[in-house]
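Just below is one structure, and these are the notes that go with it.
The values are calculated or read from the model by the stated rules, or taken from the named source; none is laboratory data. From a predicted model like this one, the values you see are computed outputs, not experimental measurements. Glycine gets a Cβ as well: all are built from the backbone with ideal geometry, and neighbour counts include every protein chain shown. Keep in mind that these areas ignore ligands, DNA and RNA; they rest on the heavy atoms of the full protein, side chains included. Shrake-Rupley method; radii C 1.70, N 1.55, O 1.52, S 1.80 Å.
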Amino acid sequence: DRVGIYIKDGPLWVAALFGALRAGAVAVPIDVAHPPELVLRLVSRLDLRAWIGDAELPRLDLDLPMLEPSWSVGVSPPVLPPTPVDDSGRVAQVVLTSGTTDLPLSVEVRHENMRAVLDTLEAEISTYRWLVRVAPRLRLAVALPLSHLYGQFMGVLIPVTLGADVAVFDT
């Protein structure tokens, strides 16, 4: 099932992405810079089954189950569903194009697509990994929206691969 992610960039956004993937859902990141009217038009075309929303963003009147993540302390974590079957051909997320000429289009990205990029980067990074060990801990600053693939790789996946810290700037 497709799960929309409409959260400001930051740690809760990352938790929503990994939570959706861990649950076996197809993540559908939606850029919070879009006006609410456009978001509603997009959602009507995306066949979402649930929604992860941000309390700091305008409320959208969607007829979908909604989860609103927070930094609550003392709340017991939910029981995790079984890990999904490892199928690299399964769709991981549906990303939206920039929509510069018309409404943004949806593009399916499979787990194997994301893995191919990470494997290629890891092969190149391994040549220079010795530099990472002798240098101070890497810190990356990312101003790209996490709802876009390049932002996800630079702000989430590559820092994990490098063991780097990351600061995500609200754009």
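Given the rule -39500 (n - 2.57) for each run of at least 4 DSSP H residues, summed and divided by the residues of the chain, what is its mean residue ellipticity at 222 nm, to the nearest 500 deg cm²/dmol? The helix-only estimate for the chain comes to -10000 deg cm²/dmol at 222 nm. Only the Cβ atoms of Lys and Arg (+1) and of Asp and Glu (-1) were treated as charged; on that basis the dipole of the range 1-72 about its Cα centre amounts to roughly 200 debye. Amide H contacts for residue 26 (H built 1.01 Å from N in the peptide plane; partners 5 or more residues away or on another chain; cut-off under 5 Å): 2, 3. Between residue 22 and residue 61, what is the FRET efficiency for a Förster distance of 30 Å, r being their Cβ-Cβ separation, to the nearest 0.05? Once rounded, the FRET efficiency stands at 0.60. Distance between the 7 Å Cα→Cβ label points at residue 165 and residue 45: 4.1 nm. Each part reduced to its alpha carbon centroid, the range 78-133 and the range 1-49 end up 15 Å apart. Rounded to the nearest 20, the size of the Cβ-charge dipole of the chain about its Cα centre is 420 debye, with Lys and Arg at +1 and Asp and Glu at -1. Placing dummy labels 7 Å off each Cα toward the beta-carbon, the span from residue 97 to residue 112 is 2.4 nm. Scattering from the C-alpha atoms of the range 1-79 alone, worked out with Debye: what is log10 I(q)/I(0) at q = 0.20 1/Å? With no solvent term, the Cα-only Debye profile gives -0.88. A Stokes-Einstein calculation at 25 °C with viscosity 0.890 mPa s, built on the Kirkwood radius of the chain over Cα pairs, returns a diffusion coefficient of 142 µm²/s. Calculated on the alpha-carbon coordinates, the convex hull of the range 112-171 measures out at 68 cubic angstrom per residue. The accessible surface of the chain, taken with every protein chain in place and a 1.4 Å probe, is 59 percent carbon and sulfur.
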